[in-house]
Amino acid sequence: MLDFVRNNKKITQIFLALITLPFAFWGVDSYVRNADVGAGVALVGSGKITRQELDSALREQQDRMRAQLGGKLDPALFDTPQMRRAVLDSLVTQRLLAEQAQKAKLVVGNEQLVQFIASVPSLQENGKFSRERYEALVAGQGMSKEMFEARLRQDMAMQQLMLPVTEAGITGQAAAGRWLSAQLEQREVGELRLLPEAYVSQVKLAADAAQKFYEANRKKFEMPEQVRAEFLVLSRDALTAQATVSDEEVRAYYQSHTDRYKDGETRRASHILIRAAKDAPDVEAKAAKAKADELLTQVKKAPADFAKLAKANSQDPGSAEKGGDLDWFGRGAMVKAFEDTAFALKEGQISDVVRSDFGFHIIRVTGVRAERVKPLEEVKAEIVAEIKRETGMKKYAETAEAFGNMVYEQADSLKPAADKWKLELRQTPWFAKGGKLPAPFDNAKLAAALFSDDGLKNKRNTEAVEVAPGTLVSARVLEHKPAILQSLEVVKGDIEKHLIREKALSLATKDGEAKLARLAKGEAADLKWSPARSVSRTAGQGLPPEALRAIFRADTAKLPAYAGFAVPGSGYALYRISSVKGVGELGKDDPLGRNLAQNYARFVAEEEFSAWMSTLKDKFPVEINKAALETKER
């Protein structure tokens, strides 16, 4: 909902980033009690967050991530207590802000709301507010206008609340300097990896080791149950593709939407620019103006030399090489002073010197295209696609409930629904429960329905499950293979390989820790280090974050210094730090220094936000029903 807010209010970027933090700076557990809050999952002040609100927020987050990842998203990621907790934490944060906004009596008036909505570029067409675009945006959120505007009012009120907090963070120069120095410090390190393969020969397994592991981990050796299924997909896109559009419908749509197909008046112009900043000193501005006046005199004497003079004198690098040509543009594309002049001139006319925020311009209009309405033939394909889209949406809305009812009422077959809506009845290959499932069964709810008792034993149709916005799927088991336990004889070799590697990993880690302890004491060790490389906290040269943390935690008062850490699944890594050097102060225009300074300012802002939110939790006590997060209603 707030994508367009994010794009238009800089402060909202900070606001959105901060309110979605799952209280990482102090932890929700530090101020909530594990309470029974009835049917809700949390209490915030005097209000309750219901399970329905949490489920809705989960779906919204899932839809956002699916859109960001181009539709590729494993729904199982959202079906965990951890994800439910993270989304709930975000809801709690927003509720705390809403409570404070209400207490502070922050309101957004009708005029303020209207002005904001009308100013959003993505909701404009030809520079004017488009009601059609606004209605499409609201419809895409699955809300009524009243709901959408109420949510927007609340978010704008919270933005007002956040403004003084997000601008309150002051980054002290000394503290910022120390932080930057730490980030830029470089250490020369050599590396030595102790790999488990080198310790395999030292491992001796007990004769019954595989047997004991097998008995203690029987679940690991079950072949999961498998199914082969058939399924139907009812989608808005498919219904859109089925729609047919007559010439009469196209003509009627065109006649009722002529404003949509208007091209505003456009101009083509060339210019000569002599730069002078808006706040340039008078001496500099007068010199630039004098130069522009001199060029204007030359242009008026020889208008045909305009392009030549622009190429030689214009200080606009984007157009000078093209003789000052700016190509075609409409209203709103140029700064006001330039636009007003360009649209007041006739084709071929040359302006006097015009002052803008960029400097002094001499403008020549080289082309004029009057406002026109695009002919029907030019926009026919666009209209057909739009009518089909609207028809598909309408048909899907009308069909979805009937589809769901039919697959439920005629539960022993999907064919009636396939015949009624001309849908392809598709079949799957064999796939196992709990594994990586093919689409659309990578939807957790659909997979659970397919592998339910009713689905497996009675081979009934699943309910119609929405696997994506505008897409319903119902499936039915064709064949089923129950889970079976593999025998010890079949898996014994794999178990022994696993046990040997685990013991080898343990030996590598113990040896690495022993070597590190000896090196720290100054004892000699004949070790073959890799060639030294220079690393910093911001440039790890391919080293994992755990390695960098170990390297920069090491005491370098005496060199060489040593660090090490156990690499999960890969043994132990030792590091020899041979030298330490700082980096001189970065200039204010240095991209790295500027980026790091911005990061530091963000860290300070987050700490300010954390401290402020700590005060809100005292005002509006929060209670979390942890038990409600462990289970999810189906």
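For segment 549-558, the condition holds for at least one residue, the condition being that it is assigned to a loop (DSSP other than H, G, I, E, B), over 34 Å from the mean Cα position of the chain (by Cα), surrounded by 14 or more Cβ atoms within 10 Å (Cβ to Cβ) and at pLDDT below 95.
Counting only residues that are within 13 Å of Ala42 (Cβ to Cβ) and touching a residue at least 40 places away in the same chain (Cβ under 8 Å), segment 87-106 holds 10 of them. Flag: Leu91 matches the condition of being touching an Asp or Glu at 6+ places or on another chain (Cβ under 8 Å) and assigned to a helix (DSSP H, G or I).
Within segment 482-505, the set of residues being loosely packed, with under 15 Cβ neighbours inside 10 Å and closer than 30 Å to Pro560 by Cβ is empty. Residue count for segment 19-72 under the criterion of being of a type in the set (A, V, I, L, M, F, W, C), assigned to a loop (DSSP other than H, G, I, E, B) and modelled with pLDDT of 65 or more: the result is 1.
Residues in segment 215-240 that are among the aromatic types (Phe, Trp, Tyr) and in a helix (DSSP H, G or I): 1 in all. Please verify whether segment 202-215 includes one or more residues that are without any contact (Cβ under 8 Å) to a residue 24 or more places away in the chain, among the hydroxyl-bearing types (Ser, Thr, Tyr) and at negative phi. Within segment 202-215, not a single residue is without any contact (Cβ under 8 Å) to a residue 24 or more places away in the chain, among the hydroxyl-bearing types (Ser, Thr, Tyr) and at negative phi. Across segment 393-410, what is the number of residues that are within 40 Å of the chain's Cα centre (by Cα) and within 17 Å of Glu230 (Cβ to Cβ)? So the count comes out to 4. Taking the listed residues Val108, Val120, the one that is farther than 30 Å from Ala468 by Cβ, surrounded by 12 or more Cβ atoms within 10 Å (Cβ to Cβ), at pLDDT 80 or above and of a type in the set (Val, Ile, Thr) is Val108, with no other qualifying.
When you check Ser356 against the structure, is it of a type in the set (Gly, Ala, Ser) and closer than 15 Å to Gln315 by Cα, yes or no? Taking the combined requirement at face value, the residue satisfies it. Annotation note: Cβ proximity below 7 Å between a residue of segment 39-60 that is closer than 17 Å to Leu97 by Cβ and without any contact (Cβ under 8 Å) to a residue 40 or more places away in the chain and a residue that is of a type in the set (A, V, I, L, M) and outside any strand (DSSP E or B) (sequence gap 6+ or interchain) occurs for Lys48/Val37; Glu53/Leu91; Ala57/Val87; Ala57/Leu91. In segment 303-334, the residue that is surrounded by the most Cβ atoms within 10 Å (Cβ to Cβ) out of those that are within 30 Å of Ala370 (Cβ to Cβ) and among the aliphatic types (A, V, I, L, M) is Ala310. From the list Val373, Val384, the lone residue that is touching a residue at least 12 places away in the same chain (Cβ under 8 Å) and crowded, with 17+ Cβ neighbours inside 10 Å is Val384.
In a loop (DSSP other than H, G, I, E, B), free of Cβ contacts under 8 Å to residues at least 12 places away in the same chain and either aromatic (Phe, Trp, Tyr) or more than 13 Å from Val353 (Cα to Cα) (or both) - does that describe any residue in segment 313-320? No - not one qualifying residue is present in segment 313-320.
Residue count for segment 241-292 under the criterion of being in a helix (DSSP H, G or I), β-branched (Val, Ile, Thr) and modelled with pLDDT of 90 or more: the result is 2. Of the residues making up segment 503-524, those that are free of Cβ contacts under 8 Å to residues at least 12 places away in the same chain and closer than 19 Å to Gly571 by Cα are Ser506, Lys510, Ala514, Ala517, Arg518.
Check whether at least one residue in segment 508-531 is within 34 Å of the chain's Cα centre (by Cα) and either part of a helix (DSSP H, G or I) or buried (at least 17 other Cβ atoms within 10 Å of the Cβ) (or both), and report yes or no. Within segment 508-531 (the criterion being within 34 Å of the chain's Cα centre (by Cα) and either part of a helix (DSSP H, G or I) or buried (at least 17 other Cβ atoms within 10 Å of the Cβ) (or both)), the answer is no, since none of the residues qualifies. Scanning segment 210-266 for residues that are closer than 30 Å to Phe343 by Cβ and in contact with an Asp or Glu (Cβ under 6 Å, 6 or more places away or on another chain) turns up Gly264, Glu265.
The values are calculated or read from the model by the stated rules, or taken from the named source; none is laboratory data. Given the structure is predicted, the values throughout are model-derived calculations rather than measurements. Neighbour counts are summed over all protein chains in view; Cβ atoms, including those assigned to glycine, are modelled from backbone coordinates with ideal geometry.
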